[in-house]
1. If you scan segment 107-124, which residues turn out to be within 6 Å of the ligand (Cβ to nearest atom), under 17 Å from LEU20 (Cβ atoms) and touching a residue at least 12 places away in the same chain (Cβ under 8 Å)?
2. Against the conditions (1) free of Cβ contacts under 8 Å to residues at least 12 places away in the same chain; (2) farther than 26 Å from LEU141 by Cβ, where does GLN86 fall short? Just the number, please.
3. Residues in segment 78-104 that are β-branched (Val, Ile, Thr) and out of contact with any helix residue (DSSP H, G or I) (no Cβ under 9 Å at 6 or more places or on another chain): how many?
4. What is the number of the single condition among (1) of a type in the set (D, E, K, R); (2) surrounded by fewer than 16 Cβ atoms within 10 Å (Cβ to Cβ); (3) more than 19 Å from SER65 (Cβ to Cβ) that ASP167 does not meet?
5. Which members of segment 16-31 meet the condition of being assigned to a helix (DSSP H, G or I), of a type outside the set (D, E, K, R) and surrounded by fewer than 20 Cβ atoms within 10 Å (Cβ to Cβ)?
6. Given the criterion within 15 Å of the ligand (Cβ to nearest atom), farther than 19 Å from SER66 by Cα and touching a residue at least 24 places away in the same chain (Cβ under 8 Å), identify the matching residue among ALA197, ALA145.
7. Could we say that VAL180 is within 15 Å of the ligand (Cβ to nearest atom), surrounded by 21 or more Cβ atoms within 10 Å (Cβ to Cβ) and within 20 Å of ILE104 (Cα to Cα) here?
8. Which is closer than 23 Å to VAL52 by Cα, out of contact with any strand residue (DSSP E or B) (no Cβ under 8 Å at 6 or more places or on another chain) and aliphatic (A, V, I, L, M), of ALA138, ALA125?
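The values are calculated or read from the model by the stated rules, or taken from the named source; none is laboratory data. On a predicted model such as this, the values are computed, not experimentally measured, just so you know. Cβ placement follows ideal geometry from the backbone for every residue including glycine, while neighbour counts extend to all protein chains displayed.
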Amino acid sequence: MSEHRVCPSHPDLADDLATLQRLCFPTLGTDELITAQQFRHHLQVFPQGQLVVLDSHDRPIASASSCLHRTEFVHSEHTYMEASGQNWLSSHTPDGEWLYGIDIGVHPDHRGQGLSRLLYDARKALVRSLGKQGLVVAGMLKGFAKYRANMTAEQYLRSVQDKQIFDPTVSVQLRQGLSVHGLLPHHIDDPTIDGMAVRLIWYSDVASRI
Ligand SMILES: CC(C)(COP(=O)(O)OP(=O)(O)OC[C@H]1O[C@@H](n2cnc3c(N)ncnc32)[C@H](O)[C@@H]1OP(=O)(O)O)[C@@H](O)C(=O)NCCC(=O)NCCS
């Protein structure tokens, strides 16, 4: 059992969160990395959706940012920048039926210790407390970079789902009970994976399946 706990984020953590972001997403285009100013702004837009895990010195070692979106948006072919409102959460829709995970990252020194599971559990608890349909994320197909010369994204994703290939992001998300709902091509500015992401959904008890 982890000694760590999920806490609400706080404006004083924004600089450290921006540093953590750069460590977690080294291959992402710089325009898509969340800045300290943007992390502070998220707290004004949707404070409940901004979660962190702190170390013993109260510094963030993991974080998750979320907003709300409507079903039509969840269904659509969209990009990361559209989902995140250009990283400012201007896309947040307070009456949206779905909690949408914009970003999750764990410090490289603290991976494999169950921190992302804590954050996903906290997101699921938030879905239930807000009476929403479920959680949606666009998982980056991080491991595709190594395989893309030899297989399509569809073939790669099938191998990940069949557990023949472990994807450092999507395999972890599948372990959290999220299920695959199609590829999102050109989703994110990461040339190492051709911008490829996959729509993943976890349904709450009240969800009507989409
Ligand atoms: C993806 C990421 C958030 C996972 O965080 P993490 O804290 O290391 O994950 P956890 O330790 O909570 O593991 C979650 C589950 O995946 C499994 N898992 C994690 N790494 C694994 C590995 N290398 N091999 C097999 N299983 C693994 C764990 O066993 C765990 O399963 P369980 O909860 O059923 O026991 C982290 O690697 C990260 O920050 N990556 C960079 C940023 C990123 O890609 N974010 C997602 C963008 S869509």
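1. Those that are within 6 Å of the ligand (Cβ to nearest atom), under 17 Å from LEU20 (Cβ atoms) and touching a residue at least 12 places away in the same chain (Cβ under 8 Å): GLN113, LEU115, SER116.
2. Answer for GLN86: the failing condition is (2).
3. Here the count works out to 1.
4. Of the numbered conditions (1) of a type in the set (D, E, K, R); (2) surrounded by fewer than 16 Cβ atoms within 10 Å (Cβ to Cβ); (3) more than 19 Å from SER65 (Cβ to Cβ), the odd one out for ASP167 is (2).
5. Matches in segment 16-31: ALA18, THR19, LEU23, CYS24, THR30.
6. ALA145
7. So VAL180 does not fit the description; no.
8. Being closer than 23 Å to VAL52 by Cα, out of contact with any strand residue (DSSP E or B) (no Cβ under 8 Å at 6 or more places or on another chain) and aliphatic (A, V, I, L, M) holds for just one of ALA138, ALA125, which is ALA125.
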